[in-house]
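S.K.: This structure is in structure tokens; I'll ask about it shortly.
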Amino acid sequence: MKLTRALAGAAVLSLCLLLAVQPEAVAAAAAGGKVESTVRTEVVKAIRADPSVGPALIRLVFHDCWVNGCDGSVLLDTTPFNSSAGVEKAAANNIGLRGFDVIDAIKAKLGDSVSCADIVVLAGRDAAAILSRGRITYAVETGRKDGVVSSAAAADATLPESTFHIDQLTDNFARKNFTAEELVALAGAHAVGVSHLSSFRDRINATTRTPIDPRYQAALAGDVEALKGRQNSTDPIEKFNIRDMDAGFRNASGFDAAGVDMAAVGVLDNSFYHANLQNMVLLRSDWELRNGTDPSLSDSLFAFRDNATVWEMEFAAAMAKLSELPAEGTRFEIRKSCRATN
Ligand code: HEM
């Protein structure tokens, strides 16, 4: 008790000293607060208008920060100067990447002093908080700069693929200094959002499929055929989460909903682990998490299924770590438009 009081006193004292000695630090903290509240307001608005943009913003953090660090390079559009090589957006592994208009809208509000790289990280953080109904929160530093290089080849060489086997996944994450447990924690993001058929076609093909519940597989194969017509596409998009499918689909699959909040449709929660441990996930890479020899993989799958709070904390910590991956380029700026270098 005495210690707590002493610590509180010390905190008040250091705040007073900060106010007295470093008015610019206080102003910066206040400005940071305004930046964060502007991002939050815009992300709330965007998700209210189109809930599907929430998962897209979370994915953007991964796809920006994994490739040359968090430098906003994933946002750059093709220009006459870089079109021959292809920007990250053109990478095969970036299929379906979205949310760029939300980043643009935030940038328009914040102006030239805030980097696009910071906006990606803050918007993804807010999307995770909103989609988890406030249960996933973490602090991130700001002050990132925007890179000037964006390469499709680099994105395809760096981002993991949905057909990866477990050793490729753990190697890919180890290269960025992420553990097997962090891999399992982050994969839980696939509780929300969508995937193109082309990213999981192998799972419903009789010769290429990895272990998948046969009833789920049959329901999925039927559903994607229906989606082709409804979406007028040979590569329709399907929801990741079996919890979020209609009752007919779930009943046909024999999904065991014990421990899953069935009313929480669209919510970022630990339902991914319930589905995965029933062989009812879309991507091979997600199923592969069950397939490694490292015991921390399966320990984590069960721990995250059985304790939502543990998963929320591990997910938040891994997202914070992801958001701090340092930019690897040599030339930086704060872009005026997130889609083009200055
Ligand atoms: C572990 C390796 C990973 C692989 C192989 C992978 C692969 C994929 C694929 C194939 C899609 C669907 C793309 C499409 O076809 O439209 C996707 C979507 C998504 N991924 Fe991952 N991913 C991985 C890790 C992550 C991580 C670490 C995060 C968290 C930041 C994440 C968050 C998401 C989200 C939220 C979506 C849905 C996006 C939307 O609805 O627009 N993924 N991922």
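The values are calculated or read from the model by the stated rules, or taken from the named source; none is laboratory data. This is a predicted model, so every value here is computed, not measured. Every residue, glycine as well, gets a Cβ built from its backbone with ideal geometry; the counts of neighbours run over all protein chains shown. Side chains are part of the model used for accessible areas, which takes the heavy atoms of the whole protein and leaves out ligands, DNA and RNA. Shrake-Rupley method; radii C 1.70, N 1.55, O 1.52, S 1.80 Å.
S.K.: Please specify each residue of the stretch 285-311 satisfying the condition of being open to solvent by 20 Å² or more (accessible area, probe 1.4 Å), in contact with a helix residue (DSSP H, G or I) (Cβ under 6 Å, 6 or more places away or on another chain) and either within 14 Å of the ligand (Cβ to nearest atom) or basic (Lys, Arg) (or both).
M.R.: Once the filter is applied, which keeps residues that are open to solvent by 20 Å² or more (accessible area, probe 1.4 Å), in contact with a helix residue (DSSP H, G or I) (Cβ under 6 Å, 6 or more places away or on another chain) and either within 14 Å of the ligand (Cβ to nearest atom) or basic (Lys, Arg) (or both), the stretch 285-311 yields Asn291, Gly292, Arg305.
S.K.: Looking at the stretch 121-161, which of the residues that are among the hydroxyl-bearing types (Ser, Thr, Tyr) and open to solvent by 30 Å² or more (accessible area, probe 1.4 Å) is farthest from Cys70 (Cα to Cα)?
M.R.: The qualifying residue farthest from Cys70 (Cα to Cα) is Thr137.
S.K.: Scan Asp126, Asp71, Asp118 and give me the residue that is over 30 Å from Asn307 (Cα atoms), in a helix (DSSP H, G or I) and more than 12 Å from the ligand (Cβ to nearest atom). Talk me through it step by step, then tell me what you get.
M.R.: Values: Asp126 fails: over 30 Å from Asn307 (Cα atoms); Asp71 fails: in a helix (DSSP H, G or I).
Answer to the check: Asp118.
S.K.: If I ask for residues that are surrounded by fewer than 19 Cβ atoms within 10 Å (Cβ to Cβ) and aromatic (Phe, Trp, Tyr), which ones from the stretch 312-340 would you list?
M.R.: Within the stretch 312-340, just Phe332 meets the criteria.
S.K.: Here is a further query. Just one of Asn172, Asn241 is of a type in the set (S, T, N, Q), within 16 Å of the ligand (Cβ to nearest atom) and touching a Pro at 6+ places or on another chain (Cβ under 7 Å); which is it? Outline the logic, then answer.
M.R.: On the way: Asn241 fails: touching a Pro at 6+ places or on another chain (Cβ under 7 Å).
The unique qualifying residue is Asn172.
S.K.: Among what's in the stretch 246-276 and is in contact (Cβ under 8 Å) with a residue 24 or more places away in the chain and farther than 21 Å from Arg135 by Cβ, pick the residue that is nearest to the ligand (Cβ to nearest atom).
M.R.: By that ranking, first place goes to Phe249.
S.K.: Taking the stretch 270-284, which residues are closer than 21 Å to Ala127 by Cα and either open to solvent by 20 Å² or more (accessible area, probe 1.4 Å) or small (Gly, Ala, Ser) (or both)?
M.R.: Ser271
S.K.: Another one. Given the condition at pLDDT below 95, within 16 Å of the ligand (Cβ to nearest atom) and either assigned by TED's automatic domain parsing to the domain that holds Ala316 or surrounded by fewer than 19 Cβ atoms within 10 Å (Cβ to Cβ) (or both), answer yes or no: does some residue in the stretch 23-45 qualify?
M.R.: Scanning the stretch 23-45, I find no residue that is at pLDDT below 95, within 16 Å of the ligand (Cβ to nearest atom) and either assigned by TED's automatic domain parsing to the domain that holds Ala316 or surrounded by fewer than 19 Cβ atoms within 10 Å (Cβ to Cβ) (or both), so the answer is no.
S.K.: Of (1) of a type outside the set (Ser, Thr, Tyr); (2) in contact (Cβ under 8 Å) with a residue 40 or more places away in the chain; (3) out of contact with any strand residue (DSSP E or B) (no Cβ under 6 Å at 6 or more places or on another chain), Gly143 satisfies all except one. Which?
M.R.: (2)
S.K.: In the stretch 196-212, which residues are polar (S, T, N, Q), outside any loop (DSSP other than H, G, I, E, B) and surrounded by fewer than 21 Cβ atoms within 10 Å (Cβ to Cβ)?
M.R.: If the condition is that a residue be polar (S, T, N, Q), outside any loop (DSSP other than H, G, I, E, B) and surrounded by fewer than 21 Cβ atoms within 10 Å (Cβ to Cβ), then Ser198 is the only one that fits.
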